[in-house]
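Report on one structure; see the data block that follows.
The values are calculated or read from the model by the stated rules, or taken from the named source; none is laboratory data. Note that the coordinates shown come from a computational prediction; the quantities given were computed from them, not determined experimentally. For neighbour counting, all protein chains shown are included, and Cβ atoms are generated from backbone atoms with ideal geometry for every residue, glycine included.
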Amino acid sequence: MKDHLQQEFYNLYHKKAERSFFSPGRVNLIGEHIDYNGGLVMPCAISLGSYLLVSPNNDNVFRFRSLNFDDKQDIPLQPSYKKNGTGWFNYPIGVIEQFLRKGCSLQGLDMLFYGNIPIGSGLSSSASVEIVAAFALNELFNCGFSRLDLVKMCKSVENDFIGVNSGIMDQFAVAFGQKDKALLLDCNTLDYEPVNSNLGDHILAIINTNKPRKLSESKYNERVQECEAALTALKQELDIKYLCDIDANTYKQYRHLIKDETVAKRATHVIEENDRVKLAAKALSANDLLEFGRLMYASHYSLRDLYEVSGKELDAVVEYSKTDVNVAGARMTGAGFGGCAIALVKADHFDTFSQNIINYYTNQIGYPPSVYSTLIGDGVMELKNS
């Protein structure tokens, strides 16, 4: 892969890339729509991700090229930037803006991006691009930011530059991922604990519905606002900062404060899902895949019925998985509205599972999904020359 990208870089810029970087995508094993509600999530980095090859130039120009998109951009170094249309290059431009705001001295760069994460699938391709760009800038210009600094800066890119009210989970998982570990992350304190993810004779299957979603154009921001409305109502009698500051039992006592039934459903999902994450971490660390799988299904049904962010495509994946004795559990992952589902599948039955779910899904939806397995991998890194 790296040799191929070096050749592509040379074809574009007629010189060799000086440095190479890789940032993974992520899946969230459980704990959906929790990150912006101050609760617990359990993501892991995956072996798919984003590559960035880069060399400085003396022209004080940032040149953005990608093997995934035809559109490209050349912009001069200037004191600040604003989002320009909807092009993919807005993500690294937003990162550059963050570095300039914090007083980091930059110079022109020739850049080539390539990602093997399905775009719009819910595997955090945007966070992967943001983090790989931020990590590269930090290394190239010796800015001295910590990984946590980079995570916070990239969250600001997503929220303030791109305009999506997402939480911090995606950037955190992409930056701090560890091989064969899930991250039990408290989105309020940013404390995290690696959870041994011994899947035994199972592997993690990713089923891309091939129904792309665009968060900033979806109902995502509406869900954020509904959670804020629920929190405001509960604050009439509770001293809390986030919905996830209370458990399901406490919520039952105060649910009457929320007059809008739709808003109450959203809060019910968030608070119960936060409790599920705690149980799931215990189950996974104890290698109890049966219990972990049960919690995965429960999470999906809550996202379908209470949070209403699933859809017929994601539901079809889970419906089939429920009938397959070689599947321990399945659920949608990511924000929903299309994208991907995950399933814990016995490794020696993966090929059969893949073919069967393609047939079932195609019959139900009218076009096939993409099915692949992945490893739980490390976070962002520089790819050293061998």
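Only one of the numbered conditions (1) closer than 19 Å to Asp315 by Cβ; (2) surrounded by 17 or more Cβ atoms within 10 Å (Cβ to Cβ) is violated by Val380, and that is (1).
All conditions but one from (1) out of contact with any Phe, Trp or Tyr (no Cβ under 6 Å at 6 or more places or on another chain); (2) closer than 28 Å to Pro194 by Cβ apply to Lys259; the one that does not is (2). Residues in the stretch 323-349 that are in a strand (DSSP E or B), buried (at least 23 other Cβ atoms within 10 Å of the Cβ) and of a type outside the set (A, V, I, L, M, F, W, C): Gly329, Arg331, Thr333.
Based on this model, can you work out whether Asp3 counts as in a loop (DSSP other than H, G, I, E, B) and surrounded by fewer than 15 Cβ atoms within 10 Å (Cβ to Cβ)? Write out each step before concluding.
Numbers: in a loop (DSSP other than H, G, I, E, B): no; surrounded by fewer than 15 Cβ atoms within 10 Å (Cβ to Cβ): yes.
For Asp3, the condition - in a loop (DSSP other than H, G, I, E, B) and surrounded by fewer than 15 Cβ atoms within 10 Å (Cβ to Cβ) - is not met.
The lone criterion from (1) out of contact with any helix residue (DSSP H, G or I) (no Cβ under 7 Å at 6 or more places or on another chain); (2) surrounded by 15 or more Cβ atoms within 10 Å (Cβ to Cβ); (3) assigned to a helix (DSSP H, G or I) left unmet by Thr352 is number (2). Among the residues of the stretch 179-207 satisfying the criterion of being modelled with pLDDT under 90 and more than 15 Å from Gly377 (Cβ to Cβ), which is farthest from the chain's Cα centre (by Cα)? Applying the filter and picking the extreme gives Gly200.
Among residues of the stretch 297-319 being among the polar types (S, T, N, Q) and part of a helix (DSSP H, G or I), the one that is surrounded by the fewest Cβ atoms within 10 Å (Cβ to Cβ) is Ser302.
When you look at Gly38, is it of a type outside the set (Asp, Glu), more than 23 Å from Tyr114 (Cβ to Cβ) and modelled with pLDDT of 95 or more, yes or no? Steps first, please.
Working: of a type outside the set (Asp, Glu): yes; more than 23 Å from Tyr114 (Cβ to Cβ): yes; modelled with pLDDT of 95 or more: no.
When the stated conditions are applied, Gly38 does not pass them.
Of all the numbered requirements in (1) outside the structural domain of Ile342 (by TED's automatic domain parsing); (2) of a type in the set (A, V, I, L, M, F, W, C); (3) out of contact with any Pro (no Cβ under 8 Å at 6 or more places or on another chain), Ile203 misses one, and that requirement is (1).
Could we say that Gly167 is more than 22 Å from Asn84 (Cα to Cα), of a type in the set (Gly, Ala, Ser) and surrounded by fewer than 24 Cβ atoms within 10 Å (Cβ to Cβ) here?
Numbers: more than 22 Å from Asn84 (Cα to Cα): yes; of a type in the set (Gly, Ala, Ser): yes; surrounded by fewer than 24 Cβ atoms within 10 Å (Cβ to Cβ): yes.
When the stated conditions are applied, Gly167 passes them.
Just one of the listed residues (Leu204, Leu148, Leu183) is in contact (Cβ under 8 Å) with a residue 24 or more places away in the chain and surrounded by fewer than 18 Cβ atoms within 10 Å (Cβ to Cβ), namely Leu148. Kindly indicate the residue of the stretch 246-267 that is surrounded by fewer than 16 Cβ atoms within 10 Å (Cβ to Cβ) and within 28 Å of the chain's Cα centre (by Cα) and also nearest to Ala233 (Cα to Cα) among those meeting that condition. Across the stretch 246-267, the extreme among qualifying residues is Thr262. Here Val224, Val195, Val164 are screened, and the one residue that is closer than 15 Å to Pro43 by Cβ and either in contact (Cβ under 8 Å) with a residue 24 or more places away in the chain or assigned by TED's automatic domain parsing to the domain that holds Phe22 (or both) is Val195.
Say whether the condition of being assigned to a strand (DSSP E or B), over 16 Å from the mean Cα position of the chain (by Cα) and more than 30 Å from Ala343 (Cβ to Cβ) is met by at least one residue in the stretch 75-89. Yes: one or more hits. Considering the stretch 26-38, and only residues there that are touching a Phe, Trp or Tyr at 6+ places or on another chain (Cβ under 7 Å) and not in a helix (DSSP H, G or I), the residue that is farthest from Gln225 (Cα to Cα) turns out to be Gly38.
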